[in-house]
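Working notes for the structure below.
The values are calculated or read from the model by the stated rules, or taken from the named source; none is laboratory data. On a predicted model such as this, the values are computed, not experimentally measured, just so you know. Reconstructed Cβ throughout: ideal geometry from the backbone, glycine too, with neighbour counts over all protein chains shown.
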Amino acid sequence: MRREPVLGIDLGTTNTCAAHVRNKVPTVVSTDTGRLVLPSVIALNQRSDIVVGNVAKEQMVINPTKTIHGHKRFIGRPFNSPFVRHLAGKFGYDVVEGPDGQTAVSLGDRVVTLPEVSSLVLSHVRTVAQQHLDGSVREAVISVPAYYNDNQRAAVKRAGELAGLEVKRIINEPTAAALAYGFNRGFDQRVLVYDLGGGTFDVSVLELQGNVFQVVATGGDTFLGGVDFDDRIIGYVLETFQREYKIDLSDDAVVMQRVRNAAEAAKMDLSLLSNLVISLPYVAARKGRPLELRVSLSREELNELTSDLVDRTFQLCDEVLGTKGIDPSDIDEVILVGGQTRMPLVQERIHRHFGRPARKGVHPEECVALGAALLGDSLDQIDAVTLIDVLSMPIGIADSKGGFKKIIESNESIPCRRSFSVPPPLDDREYAELDVYQGGSDRIVDNEYLGTVRYPRGAQSMTFRLDEEGILGVSLEGDGHCKEITLATCGTPPSLRNAIEEDIIRRRQLAEQPEAQQDAGLFASIRRVLGRTSR
Ligand code: AMP
């Protein structure tokens, strides 16, 4: 009997790609219209039907408020997080507070959660894959950026489940790209994955030895990607038009969406051409006569407009290499991931910086899905592949002054565990609480809230344990007991606090029950407070 394929899915900021392995060869799923790469966009059309992919992207210009794109940047983030505050106004649709304080979007008269949005894309991918692979597809390995925190990974898993998929593994994108490059090739190399996608820049250094893929360091910038290159062109185009006609186009949402599309198209064309003219008819009117936007742009001008963005990627590469004392010349191969790496300036600068051209033959927009499919295919084969990853951002706890005390540092190999002693509850209280955060800042307000651990008097130490997928578990030790907790909250501090209040009432009732029952109750209630989202 033929085994059902495990889909490898790269759920990208801009595009989603799906691959599978047939006869040991990973390939992107082929469809009637080409390969299974579709825009990660969903929309509500004129008839109030949900549409996904190209059809959704096509209506972005005429219906920007009901076209959801770039949602990967919000998934698994609390609405009140600094990241969401920074980004929310940059999209044509409304970013709102959803259930449990998570970020959600408004679509027509509904509030849709981000896992629901992603599940629509995944569900579409699954349907198309089933049609073209001629059978059912239930299992998947889904990739996520290396910097995704615990909540974000959990939210992607949830999206997979909502799409009817059993998510066998979450894999980090750079690790997947390295797998696509090195699986079964018997390499003994140190490689750098340079991933410049639509919204983010990610850099990871891996050591490959046969089929052991060990990430040694990772880093990047969650606010640096292709859209920043587009923004530079948009700024230039608007300025040129304003100089000529004294008209500011930036207030008109529909014109701005047209300018955005034209800027991105020009940027992509300039990867092949040396100059072009951006031309958009009827962007404004004067004395009843339509005005055309017409701006010429050369590759050299584009390079000038964006060279500081490219510089920044190399600063980040050097920072990541510096954490392990590695020199750029110690890198054996540079693997490119992400559409923006097609820009000639990026490739020239890679050649200069690392003293070698980037590796050809690894497709920048397909390799992550291919690597995820390879992992999916080898999961039930013992020792087929070993992945050793690192934590991309520190995990720690809040101190009493709003500072961040790191418990697990970034670039620690995972799986790993760290124990630390916990102070007893204050005064005569029965319980104490610790807020858990993840991020690179010394102040908790700048980091991402993961959850609150509540522990009883008698607990002496706590252990943070990261599994191979980077998902955090917490256990409490004390009084000869050890309790396991899965920290998988999607709640905000206030919503968790409400849950804790309810819990206290329940606990008072429990206090009247025999001891064994009390203990089970305590365990269940900690799980309930912390584990509000099931995985
Ligand atoms: P990804 O998130 O990997 O799908 O990358 C999408 C980003 O790559 C978008 O910002 C695209 O504009 C950009 N991109 C795609 N193709 C090209 C190209 N040929 N030249 C420059 N940028 C590109």
Report task. Tell me, please, whether a residue that is assigned to a helix (DSSP H, G or I), within 16 Å of the ligand (Cβ to nearest atom), of a type in the set (D, E) and buried (at least 24 other Cβ atoms within 10 Å of the Cβ) can be found in region 152-175. Result -> yes
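On the given criteria, is V203 crowded, with 20+ Cβ neighbours inside 10 Å and touching a residue at least 24 places away in the same chain (Cβ under 8 Å)?
On the way: crowded, with 20+ Cβ neighbours inside 10 Å: yes; touching a residue at least 24 places away in the same chain (Cβ under 8 Å): yes.
Here the answer is yes, as V203 does meet what is asked.
Tell me whether region 347-356 contains one or more residues that are within 11 Å of the ligand (Cβ to nearest atom) and in a helix (DSSP H, G or I). Show your work before the answer.
As a first pass, look at region 347-356 and keep what is within 11 Å of the ligand (Cβ to nearest atom): 347.
Narrowing further to those that are in a helix (DSSP H, G or I): 347.
Yes: one or more hits.
Quickly run through region 342-382 and pick out the residues that are closer than 18 Å to R169 by Cα and in contact with an Asp or Glu (Cβ under 6 Å, 6 or more places away or on another chain).
Those that are closer than 18 Å to R169 by Cα and in contact with an Asp or Glu (Cβ under 6 Å, 6 or more places away or on another chain): V368, A369.
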Query - Number of the exception - M60 against (1) away from the ligand (no atom under 16 Å from the Cβ); (2) over 28 Å from A154 (Cβ atoms); (3) touching a residue at least 12 places away in the same chain (Cβ under 8 Å) - result: (1)
Report task. Give me the pairs, please: first residue somewhere in region 331-358 and in contact (Cβ under 8 Å) with a residue 60 or more places away in the chain, second residue anywhere and assigned to a loop (DSSP other than H, G, I, E, B) and more than 8 Å from the ligand (Cβ to nearest atom), beta-carbon distance under 6 Å, and either six or more positions apart or on two chains. Result -> E333/R359; V334/A358; I335/R359; I335/V362; L336/A358; I350/A358; F354/I331
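Taking the condition in contact with a helix residue (DSSP H, G or I) (Cβ under 6 Å, 6 or more places away or on another chain), at pLDDT below 95 and more than 13 Å from the ligand (Cβ to nearest atom), does A180 pass?
Numbers: in contact with a helix residue (DSSP H, G or I) (Cβ under 6 Å, 6 or more places away or on another chain): yes; at pLDDT below 95: no; more than 13 Å from the ligand (Cβ to nearest atom): yes.
Spelling it out, it is not the case that A180 is in contact with a helix residue (DSSP H, G or I) (Cβ under 6 Å, 6 or more places away or on another chain), at pLDDT below 95 and more than 13 Å from the ligand (Cβ to nearest atom).
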Query raised in the report: Could you say whether any residue in region 22-30 is away from the ligand (no atom under 16 Å from the Cβ), crowded, with 19+ Cβ neighbours inside 10 Å and small (G, A, S)?
Result: no
**Report entry** Check on Q242, in a helix (DSSP H, G or I), farther than 21 Å from V25 by Cβ, away from the ligand (no atom under 16 Å from the Cβ) and of a type outside the set (F, W, Y)
**Finding:** yes
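Residues in region 23-44: is at least one under 27 Å from V283 (Cα atoms) and more than 20 Å from the chain's Cα centre (by Cα)? Even if it seems obvious, please write down each step before you answer.
Step one: of region 23-44, the residues under 27 Å from V283 (Cα atoms) are 39, 41-44.
Pick out the ones that are also more than 20 Å from the chain's Cα centre (by Cα) and you get 43-44.
Yes, because at least one residue in region 23-44 is under 27 Å from V283 (Cα atoms) and more than 20 Å from the chain's Cα centre (by Cα).
Matching residues to (1) in a strand (DSSP E or B); (2) at pLDDT below 90; (3) of a type in the set (K, R); (4) not assigned by TED's automatic domain parsing to the domain that holds M462:
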| position | (1), (2), (3), (4) |
| --- | --- |
| S400 | no, yes, no, no |
| F404 | yes, no, no, no |
| I407 | yes, no, no, no |
| N411 | no, yes, no, no |
| R418 | yes, no, yes, no |
| P425 | no, yes, no, no |
